[in-house]
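Engineer: Structure below; questions to follow.
The values are calculated or read from the model by the stated rules, or taken from the named source; none is laboratory data. None of these values were measured; they are calculated from a predicted model. In this analysis, Cβ positions are derived from the backbone assuming ideal geometry, glycine residues included, and neighbour counts consider all displayed protein chains.
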Amino acid sequence: MITSYYHDPAIDVTLTEPKSLDIRLKLPAHARDVQFIAWNKARREPYRTERLKVSRWAESERYAYYRINWTCMEPSVRYLQYTFKFSMNGGTLWLNEDGLHEADEMPGKGAFEFPYGSDRDAVHSPSWIRDRVWYQIFPERFRNGDPANDPEGTLPWGTPPTRDNMMGGDIQGIIDKLDYLKELGVNALYLNPVFAAKSNHKYDTLDYFKIDPQFGTLEDMKRLTERCRELGIRVVLDLVINHCGYDHPFFQDVVKNGERSVYRDWFYIREYPVTLSDTKYDSVWYYRWMPKWKTSNPQVKQYVFDIVSFWQKETGIDGWRIDVADEVELSFLRELNSHVKQINKDAFIIAEIWHDAKRLMMSGGTDSVMNYDLRSILIDFIVDRSITAEQFHARLVRYVNRYSEAELSQMFNLLGSHDTERILTRCGNRIELLHLLVALQYTLPGNPVIYYGDELGFQGDNDPGCRACMTWTADYKNHPLWTLLRQWNRLKTTEAALQHGHVELRHIPELDVYAVKRMYGAEQAVLLLNFSQQDRRLDEICRQLGCDTDELHAVQFPAVSRPEGLLLAMRYAFFLNRKR
């Protein structure tokens, strides 16, 4: 009895464009001659052009994984019926909704079905997203561009960070260094919160319609977005709608007036009176100074809609990062996403999610997520070695198989953030491990993210250690990580294979070598990583991959000894190939 096959249209089919579908399939590893047969329901026959042979993009000892990108060419059709055909153990097998069938002819009933009635159900992919390199800025620690707006008690720049101290970073400081970011190859910015709040992190919002005075003014934000547009840099702001600050005027009205407050139903109040010392209201985690908004309340919804409308229209920002999105009601996130797109159809939403985000992505609640899931896979293997190479491959394959190529291509692929230790610190200051992480970060589908200062080898433990002041020196170009990331940024922003390419993952256990291949038309990018303690011959690697060494040329970041043709131990090599 065969049980190692899997396809569920509810999970494994994604509408990526109004008439295009991304279809995933898992079969036993020894399945062969796999075909996808799309059925014309109206004519009661298969589409003649859609009896497709399907190629594998990954395999393990037990399973093989397939992906089909199918587009219906008939304008009036919004309904797909299909089945899979493959050979195994000398027989012809058919997989459909009723299960597995062994027969020479296709079963007359039981085809998989997938209706796609609305264009709005398709994955939202802004025209500008696939070649982006993100740079995350914690505004209070990036640069002090205007000492006149420093809050009382501001400490000298570079003072060791604490959870409470202020250093004077502001919007003018970001404007002053946009040319630096452009030179690095950055073309998208994500800013941690900039709205009025008491803390240095600004996640305790007091006024959603006002730039925090220590950061500047509305006019400063307009100047920032205008200059970014001139440089081709997109801007996304942090939106904290799960909670606000304890001193927010609406919550303080509840504290003061209790059940008589007009805002009593804007929050989750369990008992009155409301006090900070005896928490009787829902908050974010256990942070009692951050009460939770009741986003099911229509008045709260409209309040949030007014916030995003104001900032998108006033400043022309390109989107939002939603803080703790998995704690916000899913139905509201869908409404918010729709409202944001009504203002700007090319706006982009990133959700903070630390785990599997498939449910949120499928529901239309976000366009992308902070990819802590991928970060965990990479660090568990490359840094901690807490999983084997086989487990690493299996987890990476499951991750890639979870999403459509359209969804994967716009993931926010980070290695560190304001909520983690610095990535070089996480690597134990072993820069060779960071090189491997970066190579995968840029080669796998999605948009790479640089957390400010990581390009200069910043170190630090989790908050507050990861939020130190940026160092500004004249010799920044001499730092090896700055040079490395600039090279990768150039590749990401110019090479179509890294922006649009289909992905293949291959693990060669006997060599302890891993391969990531991206293919787009005549262009091909290949990343080879040698995780063993021994040098490996390129010709042997290519033999295992089924390619010729002549196909691998235009070497970037070479870790290959010449003329011996060895891929050095614990190193990688990246190749570009344009087929002729």
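Engineer: Here is a list of conditions, (1) under 16 Å from Q214 (Cα atoms); (2) surrounded by fewer than 18 Cβ atoms within 10 Å (Cβ to Cβ), and D98 meets all of them except one; can you say which number that is?
Structural biologist: Failed condition: (1).
Engineer: Working carefully through the options D265, D282, D238, D253, find the one that is touching a residue at least 40 places away in the same chain (Cβ under 8 Å) and either surrounded by 13 or more Cβ atoms within 10 Å (Cβ to Cβ) or out of contact with any Cys (no Cβ under 8 Å at 6 or more places or on another chain) (or both).
Structural biologist: On the way: D265 fails: touching a residue at least 40 places away in the same chain (Cβ under 8 Å); D282 fails: touching a residue at least 40 places away in the same chain (Cβ under 8 Å); D253 fails: touching a residue at least 40 places away in the same chain (Cβ under 8 Å).
Residue meeting the stated conditions: D238.
Engineer: Restricting to the stretch 285-326, give me the number of residues that are of a type in the set (D, E), surrounded by fewer than 15 Cβ atoms within 10 Å (Cβ to Cβ) and under 26 Å from the mean Cα position of the chain (by Cα). Break it down into steps so the answer makes sense when it comes.
Structural biologist: If we filter the stretch 285-326 for residues that are of a type in the set (D, E), which is where we start, we get 306, 314, 318, 323, 326.
Still in the list and also surrounded by fewer than 15 Cβ atoms within 10 Å (Cβ to Cβ): 306, 314.
If we keep only those that are under 26 Å from the mean Cα position of the chain (by Cα) as well, we get none.
Qualifying residue count, the stretch 285-326: 0.
Engineer: For the stretch 303-310, state whether one or more residues are within 23 Å of A196 (Cα to Cα), outside any helix (DSSP H, G or I) and modelled with pLDDT of 95 or more. It would help to see each step written out before you state the result.
Structural biologist: The first filter runs over the stretch 303-310 and keeps only residues within 23 Å of A196 (Cα to Cα), leaving 303-310.
If we keep only those that are outside any helix (DSSP H, G or I) as well, we get none.
No, the stretch 303-310 contains no residue that is within 23 Å of A196 (Cα to Cα), outside any helix (DSSP H, G or I) and modelled with pLDDT of 95 or more.
Engineer: For residues that are of a type in the set (A, V, I, L, M, F, W, C) and modelled with pLDDT of 85 or more, scanning just the stretch 95-118, find the one that is farthest from Y6 (Cα to Cα).
Structural biologist: Going residue by residue through the stretch 95-118, those that are of a type in the set (A, V, I, L, M, F, W, C) are 95, 100, 103, 106, 111-112, 114.
Of the ones still in play, those that are also modelled with pLDDT of 85 or more are 95, 100, 103, 111-112, 114.
Details: L95: 9, L100: 10, A103: 19, A111: 14, F112: 12, F114: 16 Å.
Only one residue tops the list, namely A103.
Engineer: Of everything in the stretch 1-37, what is in contact (Cβ under 8 Å) with a residue 40 or more places away in the chain and among the small types (G, A, S)? Give them in sequence order.
Structural biologist: Residues satisfying the conditions are S4, S20, A31.
Engineer: Taking the stretch 439-462 on its own, how many of its residues are acidic (D, E) and within 17 Å of Y190 (Cβ to Cβ)?
Structural biologist: The first filter runs over the stretch 439-462 and keeps only residues acidic (D, E), leaving 454-455, 461.
Going one step further and asking which of them are within 17 Å of Y190 (Cβ to Cβ), we end up with 454-455.
The total comes to 2.
Engineer: Name every residue in the stretch 392-418 that is more than 29 Å from D463 (Cα to Cα) and in a loop (DSSP other than H, G, I, E, B), in order of residue number.
Structural biologist: Y403, S404, S409
Engineer: Right, something else. When the residues of the stretch 360-391 are filtered to those that are surrounded by 22 or more Cβ atoms within 10 Å (Cβ to Cβ) and assigned to a loop (DSSP other than H, G, I, E, B), which remaining residue is modelled with the lowest pLDDT?
Structural biologist: G365
Engineer: Still on this structure, I have one more. Going through the stretch 276-302 one residue at a time, which ones are outside any helix (DSSP H, G or I) and of a type in the set (S, T, N, Q)? Steps first, answer last, please.
Structural biologist: Applying the first criterion (outside any helix (DSSP H, G or I)) to the stretch 276-302 yields 276-297.
Correct list: S277, T279, S283, T295, S296, N297.
Engineer: Would you check if there is a residue in the stretch 104-116 being of a type in the set (S, T, Y), part of a loop (DSSP other than H, G, I, E, B) and out of contact with any strand residue (DSSP E or B) (no Cβ under 8 Å at 6 or more places or on another chain)? Spell out the reasoning first.
Structural biologist: So in the stretch 104-116, the residues of a type in the set (S, T, Y) come out as 116.
Adding the requirement that they be part of a loop (DSSP other than H, G, I, E, B) leaves 116.
Restricting the remaining residues to those that are out of contact with any strand residue (DSSP E or B) (no Cβ under 8 Å at 6 or more places or on another chain) gives none.
No, there is no match, as no residue in the stretch 104-116 is of a type in the set (S, T, Y), part of a loop (DSSP other than H, G, I, E, B) and out of contact with any strand residue (DSSP E or B) (no Cβ under 8 Å at 6 or more places or on another chain).
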